[in-house]
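The values are calculated or read from the model by the stated rules, or taken from the named source; none is laboratory data. Treat the numbers as computed from the prediction; the structure is a model and nothing was measured. Because the Cβ atoms are built from the backbone with ideal geometry, glycine has one as well, and the counts that use them run over all protein chains shown. Only protein heavy atoms, including side chains, enter the accessible area calculation; ligands, DNA and RNA are left aside. Shrake-Rupley method; radii C 1.70, N 1.55, O 1.52, S 1.80 Å.
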Amino acid sequence: MKKFVFAILVANKSGVLTRVSSLFTRRGFNIDTLTVGETESPEFSRITISMMGDEYIKAQLMKQLSKLHDVKHIEIMHRDETVTRELLLIKVKNSSETRQDVLSAVDVFRSKIVDYSPDALCIEITGETSKINAFIELVKPFGIMEMCRTGIVALERGCNCLRND
């Protein structure tokens, strides 16, 4: 099993995300992360999906996705040719005993505190998935109260772009 990241350019209208995600569901494929947002052109949205699978699954999904009317373009994002990032908002317990250790972790990981209260620190961190996972493991002993992750967003390096040609 290998991790694949699909970049999918779709029409920006209601129901498109449901049709794309239903395609995965009908075939019994699990989506690891899914992000979607409007592109530089308001008529299109970009869906980024990461999942585990083999070459057969990848080929089947490419073929099935390309049959959907509102799908304009699909690409597999190759790891060595792609910039990937993820955003994490995490709320950690704030106490006088652990505060300095948490602040040190925030500094080392180049993250930032976006909300501070006597009982909790809300931290924002962006980076590759491995960095996000490492930060979570580091602050876990301090008491994670809540967290929310965006999933992967990805762009090809250089001047190549996902376009509706």
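Some observations on this one:
- MRE, 222 nm, helices only [DSSP H, n ≥ 4, -39500 (n - 2.57), over the chain, to nearest 500]: -8500 deg cm²/dmol
- Applying the criteria of a DSSP loop state and at most 16 other Cβ atoms within 10 Å to the chymotrypsin sites (Phe, Trp or Tyr not before Pro) of region 1-64 yields F29.
- Principal axis extents of the C-alpha atoms in region 1-86 (largest first, rounded to whole Å): 35, 30, 19.
- The figure for R149 is an accessible area of roughly 80 square angstrom, using a 1.4 Å probe on the protein chains alone.
- If you take all other residues with their beta carbon under 13 Å from the beta carbon of G53, and give Lys and Arg +1 and Asp and Glu -1, the sum is +1.
- Angle between the chain longest axis and helix 55-67 axis [Cα atoms, degrees, rounded to 10]: 70 degrees
- Counting only heavy atoms of the protein chains and using a 1.4 Å probe, K13 has close to 110 Å² of accessible surface.
- Computed in the context of the full set of protein chains, the accessible area of the chain at 1.4 Å probe radius has 51% of its extent on carbon or sulfur.
- Based on alpha-carbon atoms, the Kirkwood radius and the radius of gyration of the chain give Rg/Rh equal to 1.06.
- The listed residues M51, M147, M1, M62 rank as M1, M147, M62, M51 when sorted by accessible area, largest first, using a 1.4 Å probe.
- Accessible surface of T35 - all protein chains present, 1.4 Å probe, nearest 10 Å²: 20 Å²
- Degrees separating the helix 99-108 axis from the principal Cα axis of the chain, which is the longest one: 40 degrees
- Remark: the chain carries 59 Å² of accessible area per residue (probe radius 1.4 Å; ligands, DNA and RNA excluded).
- Nearest 10 degrees, 0 to 90: helix 16-26 Cα axis against the chain principal axis: 90 degrees
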